[in-house]
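Following: one structure in structure tokens, then a few remarks.
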Amino acid sequence: MKVMIVVTHLLGTGHLSRALTLARAFADQNHEVLVVSGGMPAPQLDTTGMSLLGLPPLRSDGTDFTRLLDQDDTVADAAYFEARATGLVQAVRSFGPQVLITELYPFGRRSLAAEFQAAIKAARGISRPPVILSSIRDILAPPSKPAKAIRTDEVIAEFYDGVLVHADPRITPLDISWPVSPQLAARLHYTGFVAPSAPPSHPEGTGRDEIIVSAGGGSVGQPIFQAAIEAARKMPNRRWRLLVGGQDAKARIAELSQLAEGSTVILEPVRPDFRQMLPLVAASVSMCGYNTAMDLLQCGAPAVLIPFDDGKEVEQGLRARALSQLDGVEVLNSSELSGPSLANALERVMSGVARPQMSEGFDGARRSVEIATDLCEARR
């Protein structure tokens with residue numbers, strides 16, 4: 001089976017990371033997989049077993065997802081968007097997918113609707129049109145206007161065979177964050193959570209008894225890193241490791257290094273072995289994106305969560321609130337974040353009841369393959 005996944009990450013790398021996990025599950029079942037990525041390159045992510053095609057890349061201007069910048073940090077113009085749409089259509093026609101998966105669209109990425117629609121229409125124009133699916137995480141950004149949800153229903157009804165919801169409906173049903181009409185409910189396929197297999201502990205012991213501070217693969221989280229450096233001075237008996245993401249990681253690390261001078265803080269760019277470090281750490285400090293939440297549940301590390309809430313974002317806050325009911329999890333809102341508040345939260349989670357590692361409920365990628373395969377076979 002030929003499977004094509006189209007994804008554009010605009011701020012962090014979470015959307016791409018989840019799409020690659022899904023792609024790897026298809027590849028593991030000997031399906032031919034092409035991932036078309038429209039975001040900035042993320043070389044730290046594993047693309048083994050699949051083909052990866054990069055469109056002319058985009059990123060958001062901070063949390064303004066309507067103002068999109070090209071690789072030269074210039075506002076993308078009509079010609080740039082046209083080049084992306086042309087490349088996407090050519091990829092569909094040359095690859096000829098039997099399954100086409102659009103990550104987040106049409107529930108998000110509305111500013112890129114033209115290129116997604118171009119790909120979908122190209123797919124429907126090939127001799128044997130593919131099964132078309134949308135892939136979405138557990139919690140979405142709620143629509144700001146009812147018309148957006150209505151339009152999403154219309155697009156799903158016209159073009160899509162189903163929606164893969166990467167969640168457990170007993171924990172995070174989609175209607176927590178999105179209005180689910182009866183029409184939409186009939187198209188939903190809950191897969192369970194999508195996460196790579198829990199990794200073994202780092203073979204070199206990297207991260208052991210450290211406090212690891214991360215903010216994903218994008219150029220965000222500077223206030224978290226600054227508060228962590230201040231907290232480190234209040235907890236000098238702990239070694240801290242700050243993993244800084246984004247295209248400008250080198251400059252951000254240089255800025256933070258001045259603040260960290262004389263402390264027990266190690267500053268590094270994001271690392272591909274990050275997940276192997278988590279089972280060994282004394283505690284984790286992070287935001288609360290989907291992939292981060294999965295990693296923390298699997299490793300059982302004490303965690304302080306600082307949900308990303310710039311630009312009125314609510315997704316991570318909803319997820320963090322759900323996780324705060326577990327042992328060994330503290331939530332600090334960005335308005336409460338400071339060196340002392342972070343140090344206090346860490347002391348509480350590290351001295352509190354340990355949270356066991358979770359091993360069940362993370363096979364959403366495998367289940368997605370089964371659903372797509374069943375839909376393909378039903379089409380024959």
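Nothing in this text is a laboratory measurement; each read-out follows from the coordinates by a stated rule. Since the model is a prediction, treat every value here as computed from it, not as a measurement. Quick reminder, even Gly has a Cβ in these numbers, built from the backbone with ideal geometry, and neighbours come from all protein chains shown.
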> On average, how much area does the Cα convex hull of the chain cover when viewed from any direction, in nm²?
Replying inline: 18.2
>> Just to be sure I understand the model, the point goes 7 Å from the Cα along the line to the Cβ. What's the resulting K234 to A354 distance in nm?
In response: 2.6
> How far is helix 113-124 tilted off the main Cα axis of the chain, in degrees rounded to 10, range 0 to 90?
Replying inline: 50
> How many percent of Cα pairs in the stretch 96-166 exceed 15 Å?
Replying inline: 52
> Ratio of the stretch 263-380's C-alpha Rg to 2.2 N^0.38 Å, to two decimals?
Replying inline: 1.28
>> Can you compute 3J(HN,Hα) from phi for each residue in the stretch 317-328, using the Karplus curve 6.51 cos²θ - 1.76 cosθ + 1.60 with θ = phi - 60°, rounded to whole Hz and x for Gly and Pro?
In response: x, 4, 5, 4, 4, 5, 6, 5, 6, 8, 5, x
> Given H placed on each backbone N at 1.01 Å, which residues far from I5 in sequence or on other chains put an amide H within less than 5 Å of it?
Replying inline: L34, V35, V36, I101
>> Give me Rg/Rg_expected for the stretch 90-137, where Rg uses Cα atoms only and Rg_expected = 2.2 N^0.38 Å with N residues.
In response: 1.10
> Rg to Rh ratio, the stretch 139-191, alpha-carbon atoms and Kirkwood radius?
Replying inline: 0.94
>> Viscosity 1.002 mPa s, temperature 20 °C: give me the Stokes-Einstein translational D for the stretch 156-279 in µm²/s, with Rh taken as the Kirkwood radius over C-alpha pairs.
In response: 122
>> Sequence gap at least 6, Cα distance under 8 Å: using those rules, report the relative contact order of the chain to the nearest whole percent.
In response: 15
> Say a site is exposed when it is one of the GluC sites (Glu not before Pro), sits in a DSSP loop, and has at most 15 other Cβ atoms within 10 Å; what is then the longest site-free stretch of the chain?
Replying inline: 1-203
> Using modelled backbone amide H atoms (1.01 Å from N, in-plane), which distant-in-sequence or interchain residues come within less than 5 Å of G328's amide H?
Replying inline: V353
> Across the chain, how many lysine pairs separated by 8 or more positions, or lying on different chains, have Cα atoms within less than 30 Å?
Replying inline: 7
> Which whole-number percent gives the relative contact order of the stretch 196-291, counting Cα pairs below 8 Å spaced six or more residues apart?
Replying inline: 43
